[in-house]
Amino acid sequence: MSKSIAPNAPLDLLPKHFDSKTAETRWSEYWEQKEVYNFDFDKPRSSNFCIDTPPPTVSGSLHIGHVFSYVQTDIIARFQRMSGKNVFYPMGWDDNGLPTERRVQSLYHVRCDPALPYDPNLELEIPSAKEKKDRARTISRKNFIELCQRVTLEDEKAFMSLFRRIGLSVDWRLEYATINDHCRRIAQYSFLDLFEKSEVYQVEAPCLWDVDFQTAVAQAELEDRELEGAFHHIQFGVRDSKDQFVIATTRPELLPSCIGVTAHPDDSRYKGLIGKEAISPLFSCPVPIFASDRVDPEKGTGILMVCSFGDQTDVHWWKEQKLVSRQLIGKTGRFEGAAFGEEPFPSLDAETAQNHYDQIAGKNVKQARQKIVELLSQEGTAPVGKGPALTKAPQKINHSVKFYEKGERPLEFISTRQWFVSLLKHKSKMLAQADQINWHPDYMKARYRSWTENLNLDWCISRQRYFGVPIPVWYKLDAQAKPLFEQAILPALDQLPIDPMTDCPPSYSESQRDQPNGFTGEMDVFDTWFTSSMSPQISSHWPLDSKRHERIFPMDLRPQGHEIIRTWAFYTIAKALLHEEKVPWKNIALSGWIVDPHRKKMSKSKGNTITPSSLLDDYGADAIRYWAANARLGADTAYDEKVFKVGRRLVTKLYNASRFVLSQKSIESDHWESLDLSFLCRLKDLVSKTRVELESFNYAQALSEIEKFFWNSFTDTYLELVKLRAKKGDKAASSCVRTLRLSLKILLRLFSVYLPFICEEIWSWEFNKENGRRSIHQMPWPSLANDFKDIPMPSSDSQFELALKLFSAINKHKTGLSLSLMAELDEFELKLSESERAIFQFVLPDLQAATKVKEFKVVPA
RNA sequence: GGGCAGUUAGCUCAGUUGGUAGAGCGCCACCCUUACAAGGUGGAUGUCGGGGGUUCGAGCCCCUCACUGCCCACCA
């Protein structure tokens, strides 16, 4: 604990320098021990301010971006707390999901194989680089999950220690991890509730599929990437005719999956073909030719092949035209076997088709493309004529291709059975919900709107992965032990959380698992957003504790990054709507990004991140917080170490000025000097202004005002003016010493939301004793009613304004003459307006003392 | 292709309802001054992205163009 210092301590008793590192540890422990940030569960909703803290993905990487946005939220939390709110400020860890799986796979060099039995004695060491060159070891799902939990536990500790070090005023009793029992219970209940409301469904249909991770993904997780591709011009024949036409495709390898051909209904070139059947080259497969206004006659050759499935439009045509499916690319991204001449692969020349396809089967997309282009280039492959079906050399183009945001190969549309949440039918409600939320900055709402308006797939929530919350469903098996997916068995609320792979459904016994007429457990887990979209309810314990829920939900503030509006914000709004027809929060604050000097977002994958710990060592937590507080909401910030230096300088100045102020002795008196009151008047304006700014989340503007006041008005002017008077020991001295102390007391509280460590340190020297030894962070925010009561406040700060102006003019004069500011001047001429002359007498004594001017000659301006 | 931001001093950024362009850093000069040399005082630095318009007056309002970043769409 900090050594306690008597009021009006001589300067030399106060430590000369501020040791930020020891102060950070000391005060973090103090706040924890004194429960300074604890939420009071007994208070009514109206007195609470609830924050839906983003649970960071604990994937091992800590970077300066984490510090940036979390500090911004902390400033708002601290302000609300000092404004009298009972602040609910939890911290969660988003630990389940792919980032953790990937980390475990690479750290331990393992892969999960759900078919393997659990090995309770598995001991894994972190392998050497040499061992990592061998094939990865396969382990059971349960062993794999245990490894994930081991890794995330370590990561969570590192995150927690960073967050404590930067002084987040989190109530750590409210900590959660999205894989823990409580979160699994809430996520699974969410599913049960949606199931009951018929807002979830399962369907076997073409879904977005990542062939590397071998899982379905949702529309929100897509990313377009610009890739080099090529238009391949391929000749098709027409059945019972000598006609031919040429399609253009970037995916020639899908030729064996061709299920149709389409052109625009108004395209005169192809009008005559509509309704006929096209014959594909190599496979001689007859497919219908139909018209569609989705075809752009300008693009390619204006006629194209529909495959199962090249893209979402193919899926659309497949459904619309009731085409057959000729899915050939399997879940691993390789072409599966097919028998040509049999349904669904008819062929007018089955033998040749099979011969061609045998050269494709087993290949991945890239290899298959190469092979098929090679085949199409052979003479005689054209359905009409004797040339190659590939009518000309491929034309290179750049086009955007859909990827899973974490994936490395383009997504495929693959038909699989997946669970979905209905969203498309709620679009208009989803848009209306957004209008009930205040967006900061306001223009960010447009991103939510455009995403919602353009949404074209329901939310695929099932993932074929391992480290996640299991979908709480079992299925009945028929007499052949085939699952009856439409006969889902759901657990009761009080059974949750469950794992259908190890838990048994009600009224069944474990011996019936996977047996004829028994049951089978759902293997899939939820999309991680399915759990994190419940973060407000995870905190409010819906539906388990309705009293708590009502006191916390809807929350007051959701802070988050603008890149996850379409995921986290969107899904959270959706869940609150579907579960309770409510909005999850009143406000959403979107923080900007940290960008590198080239204005690129800092991210681990780009390798341009900065680790916070060395910066914290060099500049101290308060200085780092100062940097974060400088950026407005929504605005991206260039990483610039100069700002840390400015922050450190502010901390030092605050420390030194406070040492001076608190070492001044004063006598009992209620006398106030006019100039002192004038200065307080200016401070009063600052107090009102900053409150307004902070209430609307404009922490950066408020800081700039406070800082400006502190440097220009307080340390550079007022303090210099009264420095000598303060030592006199009379009534006038008492007035300025009380003014200094009051100002400091107010300024420290204003700064405390930004610089909690230095402010607590200074507060502990003396002010804490006046208030029953409370932390500065438990003090009320400065207010006109409390801090200025019993002080005869003037109506304006004109006297101080004049003093500031004259003091600066005299300093300028001395500097111009290369004189020390302490140099004496015999005479100085002041040009004053009439109103200035009227108040000059109140400014004169301190001005004279501070400037050492023997005589002022006042002339009219 | 549609949309949202941004473009202000060498750098990073403020600029409230239209009223004589700002801060910090950097640079230069001066000052060892009893809270602070991890300091202080002062100085120089701008066609406010280009063009047009409204207005007595535009960094701010309107139109237009350019560039940067992002969001969304297209994806044969």
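The values are calculated or read from the model by the stated rules, or taken from the named source; none is laboratory data. Only a predicted model underlies this, so the values are computations on that prediction, with no experimental measurement involved. For neighbour counting, all protein chains shown are included, and Cβ atoms are generated from backbone atoms with ideal geometry for every residue, glycine included. These area figures cover heavy atoms from the full protein model, side chains too; ligands, DNA and RNA do not enter into them. Shrake-Rupley method; radii C 1.70, N 1.55, O 1.52, S 1.80 Å.
Before moving on, here are some points about what is shown:
- Lone unmet requirement of (1) surrounded by 18 or more Cβ atoms within 10 Å (Cβ to Cβ); (2) within 30 Å of A:W419 (Cβ to Cβ); (3) within 10 Å of RNA strand B (Cβ to nearest atom) for A:L208: (3)
Table: residues versus (1) assigned to a strand (DSSP E or B); (2) within 14 Å of RNA strand B (Cβ to nearest atom); (3) of a type in the set (S, T, N, Q); (4) at pLDDT below 95.
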position: A:T609; (1), (2), (3), (4): no, no, yes, yes
position: A:L615; (1), (2), (3), (4): no, no, no, yes
position: A:G634; (1), (2), (3), (4): no, yes, no, yes
position: A:S666; (1), (2), (3), (4): no, no, yes, yes
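Residue-wise test of (1) more than 16 Å from RNA strand B (Cβ to nearest atom); (2) in contact with a Phe, Trp or Tyr (Cβ under 8 Å, 6 or more places away or on another chain); (3) within 21 Å of A:Q464 (Cα to Cα).
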residue	(1), (2), (3)
A:Y176	yes, yes, no
A:D212	yes, no, yes
A:L227	no, no, no
A:I234	no, no, no
A:K242	yes, no, no
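- Qualifying residue in segment A:802-812 (condition: open to solvent by 10 Å² or more (accessible area, probe 1.4 Å), in contact with a helix residue (DSSP H, G or I) (Cβ under 7 Å, 6 or more places away or on another chain) and in a helix (DSSP H, G or I)): yes
- Residue in segment A:138-152 that is closer than 28 Å to A:V87 by Cα, open to solvent by 20 Å² or more (accessible area, probe 1.4 Å) and not in a helix (DSSP H, G or I) present: no
- Residue match in segment A:746-753 (condition: surrounded by 19 or more Cβ atoms within 10 Å (Cβ to Cβ), within 22 Å of A:A623 (Cβ to Cβ), away from RNA strand B (no atom under 11 Å from the Cβ) and of a type outside the set (A, V, I, L, M, F, W, C)): yes
- Filter result for A:P597 (at pLDDT below 90 and out of contact with any helix residue (DSSP H, G or I) (no Cβ under 9 Å at 6 or more places or on another chain)): yes
- Subset tally (residues that are open to solvent by less than 40 Å² (accessible area, probe 1.4 Å) and of a type in the set (D, E, K, R)) for segment A:372-391: 0
- A:H598 vs. criteria surrounded by fewer than 21 Cβ atoms within 10 Å (Cβ to Cβ), within 14 Å of RNA strand B (Cβ to nearest atom) and not in a helix (DSSP H, G or I): yes
For (1) within 21 Å of A:A230 (Cβ to Cβ); (2) more than 16 Å from RNA strand B (Cβ to nearest atom), each residue gets a yes or a no:
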site: A:E298; (1), (2): yes, no
site: A:L304; (1), (2): yes, no
site: A:W318; (1), (2): no, no
site: A:Q321; (1), (2): no, no
site: A:A350; (1), (2): no, yes
site: A:Y357; (1), (2): no, yes
site: A:A368; (1), (2): yes, no
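- In the set A:E761, A:E834, A:E829, only one residue is surrounded by 20 or more Cβ atoms within 10 Å (Cβ to Cβ), over 22 Å from A:N712 (Cβ atoms) and of a type outside the set (F, W, Y); that residue is A:E761.
- Selection of segment A:18-43 for residues being open to solvent by less than 50 Å² (accessible area, probe 1.4 Å) and over 19 Å from A:S539 (Cβ atoms) yields A:F18, A:S20, A:A23, A:E24, A:W27, A:S28, A:Y30, A:W31, A:V36.
- Those strands (runs of 3 or more DSSP E) lying entirely in segment A:419-525 with at least 1 residues within 16 Å of RNA strand B (Cβ to nearest atom): A:438-440
- A residue that is open to solvent by 10 Å² or more (accessible area, probe 1.4 Å), acidic (D, E) and touching a residue at least 24 places away in the same chain (Cβ under 8 Å) occurs nowhere in segment A:530-545.
- All positions within segment A:704-734 that are near RNA strand B (Cβ under 10 Å from one of its atoms) and polar (S, T, N, Q): A:S704, A:N712, A:T715, A:T717
- Test for A:T572: is it closer than 24 Å to A:D74 by Cβ, in a helix (DSSP H, G or I), away from RNA strand B (no atom under 15 Å from the Cβ) and touching an Asp or Glu at 6+ places or on another chain (Cβ under 8 Å): yes
- Check on A:R659, farther than 24 Å from A:F163 by Cβ and in a helix (DSSP H, G or I): yes
- Test: residue in segment A:683-692 that is over 33 Å from the mean Cα position of the chain (by Cα), open to solvent by 40 Å² or more (accessible area, probe 1.4 Å), away from RNA strand B (no atom under 12 Å from the Cβ) and among the basic types (K, R): yes
- Considering residues of segment A:80-120 that are within 18 Å of A:M555 (Cα to Cα) and of a type in the set (S, T, N, Q) only, the residue surrounded by the fewest Cβ atoms within 10 Å (Cβ to Cβ): A:S83
- Scanning segment A:415-448 for residues that are open to solvent by less than 10 Å² (accessible area, probe 1.4 Å), among the polar types (S, T, N, Q) and more than 20 Å from A:L194 (Cβ to Cβ) returns a single hit, A:T416.
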